[in-house]
Amino acid sequence: MGRRGRARRVARADHRVHALPRHRRRAAGRVGDARRAVRRALGAAAHRQDHPVGFLGRISYAVYLWHWPAVVILPIVLRHELTTKDKVAILVGAVLVGSVTTLCIEEPLRFSGWVRALRPRRVALYGALSTVLVVALGAASLTALHVQQVQAAEFQQRLSTGDVRCFGAAALISSSDPCVNPALADVRVPAAANALDDDSNRGACWSNDSSAFNVCELGPKTGYTEHLIAIGDSHNNVFVDTYEAIAKANNWRIDVAGHQSCYLTTAVQKANTEKQVDDCTAWKQNAMAYLRAHGDLDGVIVTHSTGNGPVASVPGQSDSETVVDGMVAAWQAAADAGIPVLALRDNPTARTDVVACVGQMSGPTTSACDSSRSFGLGLFDGSEQAAARMPGTARVIDLTQYYCTDTTCPAVIGGVLVHRDRTHLTNTFATTLAPYLGDEIARALAAFRKDGRG
């Protein structure tokens, strides 16, 4: 409509208003004022929505929905509390994804003509059907999860009342005659939902963000026939209950000292903060001082994660060389005190989604969540190379045969979920290794004594 046309419409409207009685002219004026106020408010709102602050208001709910999964999942994947950088990254990512979903999905759908053309009853019907679908899917997931937890709890009860043949490491999967128990075909304990909490670490055995060398004592206080100490990072402390079972079964005393992402090496290890690096370095120095002062020990068990706490690169050396050199130099503290070193090779690495994958299983366990042997053992451990440089002083204990076949490292072995995350064993599986690890330690100590050590 042109300017003249709009002018004629305004003139006619004014004429009609002036033709009305006085009280109706006042009412019409108030309505016109209200309309003009609404138009100004809508214009201002539209302007505010284009403003950065207004735009953030538009996408705020989408940002909230997208940031929450990251806040929950990332600490599990990264295996540490969220740092400031992590939180900033989550915020930026949530804003970007929230902007895209708001502009490209939510608002086009919300303001589309066909949605507005729907009758209220049909909108209510679609909303009710969507709600029922979401609730049904959620209920199905929760029901499946509850069934897994109930089955795991029932089996744990059976396990506590007697031995279960071929359970966990007792399946002897690498043997020429592996142990197979049909009753374990659809058993997976702990339940995937509880796997992360299936951990035996104890505060008395652990130093977290501290240089203090905390030591806990397992087994008899007096009258023991062997006195050992196990030193390492979290891959050492997954065996706390295992060490205790070995100590009680053999009348040994096994002390345990662990530190987050920090093991017995002189190499500098990377960490999220400088304080963590400094704490780790001081803890390792305290560990070496402890060994030098305890020459009465019959042996020191050392182990470390191949995937966490990587060493800082040294110019002119490969990282593998730095790993081996660091362990040899630190183990020398034990050698100087006449203490034999028993190096426990690290457990295999699992796929990142191993727990979630197993949690989706129903019926008999399949190989869907397994890893290849080459993947599981692909990271450099260095224990064999370090022990080779200290003949007569250090020996390697390798339990790989209980984790992997010649080709595969299964996610579930003998009815037991092996990992509680990508790198850590469940306590349930670790404790099934007790008789085999105990035998390996006993053989190593006997060999040291035959060689005139220990």
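Of note:
- Computed 3J(HN,Hα) for segment 425-435, one whole-Hz value per residue from the Karplus formula 6.51 cos²θ - 1.76 cosθ + 1.60 where θ = phi - 60°, is 6, 6, 5, 4, 6, 4, 5, 6, 7, 3, x, glycine and proline marked x.
- Net charge of Cβ neighbours under 12 Å - reference residue 434; Lys, Arg +1; Asp, Glu -1: -3
- Using Cβ point charges alone (K and R +1, D and E -1), the dipole size of segment 233-352 about the Cα centre works out to roughly 180 debye.
- Within the shell of other residues whose beta carbon sits under 13 angstrom from the beta carbon of residue 277, the net charge comes to -1, with Lys and Arg scored +1 and Asp and Glu -1.
- Phi to ³J(HN,Hα) by Karplus 6.51 cos²θ - 1.76 cosθ + 1.60 over segment 198-214, Hz, x for Gly, Pro: 7, 9, 9, 4, 10, x, 5, 9, 10, 10, 10, 6, 8, 8, 5, 8, 7
- Two-site FRET efficiency, residue 125 against residue 89, from Cβ-Cβ distance with R₀ of 41 Å, rounded to 0.05: 0.50
- Portion, in percent, of the accessible area of segment 199-317 that falls on carbon or sulfur, probe 1.4 Å: 48 percent
- Among the listed pairs 248/275; 248/270; 221/270; 221/275; 221/450, those beyond 32 Å (Cα-Cα): 248/275; 248/270; 221/270; 221/275
- The residues neighbouring residue 236, those whose beta-carbon lies less than 14 Å from its own, together hold a net charge of -4 under the Lys/Arg +1, Asp/Glu -1 convention.
- Table column - 3J(HN,Hα) (Hz), segment 326-340, Karplus curve with 6.51, -1.76, 1.60, x for Gly and Pro: x, 5, 4, 5, 6, 5, 4, 4, 5, 4, 4, 8, x, 9, x
The values are calculated or read from the model by the stated rules, or taken from the named source; none is laboratory data. All values derive from a computational prediction rather than experimental measurement. Positions of Cβ are generated from backbone atoms using ideal geometry, with glycine treated the same way; all protein chains shown enter the neighbour counts. Heads up: the accessible areas ignore ligands, DNA and RNA and are worked out on the full protein's heavy atoms, side chains in. Shrake-Rupley method; radii C 1.70, N 1.55, O 1.52, S 1.80 Å.
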